[in-house]
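The values are calculated or read from the model by the stated rules, or taken from the named source; none is laboratory data. Note that the structure is a prediction, hence the values are computed from the model and not measured. Note that we place each Cβ from the backbone using ideal geometry, even for glycine, and neighbour counts take in every protein chain shown.
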């Protein structure tokens, strides 16, 4: 029986130039175009969760100079999916590096982005699909 990792490696070897992440966002995941700009707008308000962290660490998801304006949002979603499949004892362990007490190494997601950037994204991702008037409302007051 072929394991998923081996299947993906085989698929990539058979289809040179194929990026599974690109295919995922092109054909499977809903369109996230413009979400980086929406996230930065959300964090521009003091009522936003993680507002102080985002300000202190100067976290920005949108940069006009980037070729793909939403690359960071894509990266966050990919990390979120990976986190859901890897985590055993909390998301913070995904940012550790080196050997674990078992036979695997820690995932070390820090090579892709800082942990607070990811946590900020997780706090706001759902709001990208919501009308702005509901952004800072208590969840019990929203229809």
Yes or no: region 92-107 includes at least one residue that is touching a helix residue (DSSP H, G or I) at 6+ places or on another chain (Cβ under 9 Å), in contact (Cβ under 8 Å) with a residue 12 or more places away in the chain and under 14 Å from residue 38 (Cβ atoms). no
Note on residue 82: of the conditions (1) surrounded by fewer than 17 Cβ atoms within 10 Å (Cβ to Cβ); (2) modelled with pLDDT of 85 or more; (3) touching a helix residue (DSSP H, G or I) at 6+ places or on another chain (Cβ under 8 Å), unmet is (2)
Quick one: count up the residues across region 100-129 that are surrounded by 10 or more Cβ atoms within 10 Å (Cβ to Cβ) and either touching a strand residue (DSSP E or B) at 6+ places or on another chain (Cβ under 7 Å) or modelled with pLDDT under 90 (or both). 11
Number of the exception - residue 91 against (1) modelled with pLDDT of 75 or more; (2) under 27 Å from residue 60 (Cα atoms); (3) surrounded by 10 or more Cβ atoms within 10 Å (Cβ to Cβ): (1)
Any chance residue 123 is assigned to a helix (DSSP H, G or I) and touching a residue at least 12 places away in the same chain (Cβ under 8 Å): yes
All but one of (1) modelled with pLDDT of 80 or more; (2) over 9 Å from the mean Cα position of the chain (by Cα); (3) farther than 16 Å from residue 37 by Cα hold for residue 71, so report the exception by its number. (3)
What pairs come up if the first residue lies in region 50-62 and is in contact (Cβ under 8 Å) with a residue 24 or more places away in the chain, the second is in a loop (DSSP other than H, G, I, E, B) and crowded, with 16+ Cβ neighbours inside 10 Å, and their beta carbons are under 6 Å apart, counting only those six or more places apart or on different chains? 54/43
With touching a residue at least 24 places away in the same chain (Cβ under 8 Å), assigned to a loop (DSSP other than H, G, I, E, B), surrounded by 13 or more Cβ atoms within 10 Å (Cβ to Cβ) and out of contact with any helix residue (DSSP H, G or I) (no Cβ under 7 Å at 6 or more places or on another chain) as the only criterion, which of 136, 77 stands out? 136
